[in-house]
1. Using the Karplus equation 6.51 cos²θ - 1.76 cosθ + 1.60 (θ = phi - 60°), what ³J(HN,Hα) coupling, rounded to whole Hz, does each residue of region 509-525 give in order, writing x for Gly and Pro?
2. Rounded to the nearest 0.05, what FRET efficiency do Glu628 and Tyr384 give with R0 = 35 Å and r taken as the Cβ-Cβ distance? Could you check?
3. Give the relative contact order (percent, whole number) for region 504-607; include only Cα pairs under 8 Å separated by 6+ residues.
4. So, taking all protein chains as they sit and a 1.4 Å probe, how much accessible area belongs to Tyr604, in Å² rounded to tens?
5. Straight distance only, please: which lysines reach the Cα of Lys115 with their own Cα at less than 20 Å, same-chain residues fewer than 8 apart left out?
6. Using modelled backbone amide H atoms (1.01 Å from N, in-plane), which distant-in-sequence or interchain residues come within less than 5 Å of Leu281's amide H?
7. Full-extension gain between Asn444 and Ser571, please, as 0.36 nm times their residue separation minus the C-alpha to C-alpha distance.
8. Using 0.36 nm per residue, how much length does the chain from Ser171 to Glu219 gain when fully extended, once their Cα-Cα distance is taken away?
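The values are calculated or read from the model by the stated rules, or taken from the named source; none is laboratory data. This is a predicted model, so every value here is computed, not measured. Methodologically, a virtual Cβ is constructed for each residue, glycine included, from the backbone with ideal geometry; neighbour enumeration extends over all protein chains shown. Surface accessibility is based on the protein's heavy atoms, side chains included, excluding ligands, DNA and RNA. Shrake-Rupley method; radii C 1.70, N 1.55, O 1.52, S 1.80 Å.
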Amino acid sequence: MYPESIISEKIHQLFQEHSIDPFKKDKDFADRLQAHLPKIHRLFGEIYGGCFDAEQQFLDLLRSLILAHKSRESGLKKRDQEKSEKGVWFLSNQLAGMSLYVDRFAGSLKTMPTKLSHLEELGVNFLHLMPIFESPAGESDGGYAVSDFRKVEPRFGTLEDLISLRKNMHSQGMYLMLDIVLNHTSHHHEWAQKAKAGDFYYQDFFYTYSNRSIPDEFERSMPEIFPESAPGNFTWSEEMGKWVMTVFHRYQWDLNYTNPNVFRAMLDTVLFYGNLGLDLLRIDAPAFIWKQMGTSCQNLPQAHMLLRLIKQCVQVATPGMALLGEAIVAPKEIMKYFGTGEFIAQECDFAYNATQMALQWDMLASGETRVMLNAQSEILNKPYGTSWITYTRCHDDIGLGYDDYMIAQAGKDPYQHRKFLKEYYSFSGDQWMSPARGALFSSNPKTGDARISGTLASLCGLEKALIEGNGPAIDLSIQKILMMQAHSIFLGGLPMLFYGDEVGYTNDYSYQHDPGKSYDNRWMHRPVIDWEKVNRKKVEGTVEHQIFEGTKRLLQIRKENELFSDLSNISWMSPHNIHVAGLVRRMGNERMYCLFNFSDKAAYLTWYAFREQGEGSGKLWDHWTQSEVAVGPDHEYLILEPYGFRVLEPKA
Ligand code: GLC
């Protein structure tokens, strides 16, 4: 790799070649490049320094940054500036998100604007549009098998429609998030097609092998992601006459990041998305991007180095775009995606709080908070300046991926406890006492692992209650839905609702009749929105009205109180009552107690729980019930109804 003195010279040449004016017009860019260059150079050198053309590749990377800067719209540059003036703009309590499929929610990109008022009414101003780039029907994995990273799937519209939607959203104060599927492409992608046709240059974009010896070695230590529908990690390609690595589905070919051409092509895609005007880029499955024989091929140090390199490059060329690493892995491993050591808070800006998400389902089923509390020593380590995506549901399954020790420390047997949770949420006939209606996803008989599918409402008992026409059970399930949402909305981070949950969609089983979906029961919780149903939100007394109004109110409470910004200001109250999870958010002298009763019985909480936090015998205002409670003597209690919750603020 070039020494730094030569790099300065090369940059000077590149600037001249591309008419970059580092002293005036492009000063901000040039300054950022200067600031990040040492790290970019070092990271690139550590990963690709051994490649025969490493120096040329590095110059090409710098050229990509320059070109991305040059093609960035002036409006976006202004937005970058505004964001940087706000400090860490995305920690704000003013942001609230929703994840949705454009086609299933609105029809197309063109019709999306007509649905924005629904979101505005709810209080959502941050949209995650599920994958919208070209993806072959029937082999799409919900859009996560991309055949062209730069062409919008015609079903949704065009790139122009996307840009005009983004402009429309930005002008209304909204934010946009899209995915980049970094780990793999569809086997219909041009690179895979060329590889199949025998082009060695492109075969090197993937992990391809003429016989089973290397794949067999890899398989010894690689787990299976979709053991039921796509067992194994390699697929035989008849056209290519080779095995190719396919960690997810057989039609998703893993990209080979040991090849710098792959990295640069994908970095260009990242910057291209930055210039589409994204505020947040969801990096799909980052844990998988580096493979090494003899390992699980997940969470490897090189995967982190690649993400850090991407982060540095984005900060130079498209700085207003934050990064979300979708790492749904063990709690300790998730934390590393925020960066470690000298890169702390310099890798992914966001990660999914998948641990807490799963733990709230654990609490709902068990009625106890102990396992959740055992996980906090890890979750609360999130570095300042980074944030969580908090959620109760998303388009994926719920994995019970927290550690066994967290269960064991609660005095439970990890195997039996997980077995109980799986039985609780998966519907196995009416003989089972659980009100939840979900299904097991990706059961692996070899390991006993399984995850859970089902909508928020169905898992909270609404589907069963509606079928039975059981009024009290309907009310209780609505209470549970709102408690689960409240827990994730006040938790700290950017709440990301999942479309349909705001009006209580139950499972949709029609996917079973679609051969492109029937092998994947995650489709049961990806509804096609019926706007007549949604409009029942206006009719008082309906399920839709109660859930919509409740969710809206929760988001309002969050927006009205700045201490719900993600200021790393969270602590958990002592578990005086194991059924009640108590979260304290603080800012200066202000504090807010968020209490959640995960039990189906009324819970009594001693006032000592508050006294321990330094609370005197004053009054607390409950933002949720809009009523006042007085911190009483110890023979009195705060009583929370079954699945009840409170958002309590000391009154001045
Ligand atoms: C991510 C997506 C999931 C997809 C997988 C493979 O985990 O959320 O839906 O199946 O990546 O791309």
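1. Karplus-based 3J(HN,Hα) across region 509-525 equals 8, 5, 4, 4, 9, 10, x, x, 10, 4, 7, 9, 6, 5, 5, 5, 10 Hz.
2. Efficiency at R0 = 35 Å is approximately 0.55.
3. That works out to 14 percent.
4. Roughly 120 Å² of Tyr604 is accessible to a 1.4 Å probe.
5. Result set, ordered by chain and number: Lys167, Lys533, Lys537, Lys538, Lys552.
6. Those qualifying (amide H under 5 Å, at least 5 residues apart or on another chain) are Ala322, Leu323, Leu324.
7. Length difference between fully extended and current span is 42.1 nm.
8. Stretched out fully, the Ser171 to Glu219 stretch lengthens by 12.3 nm.
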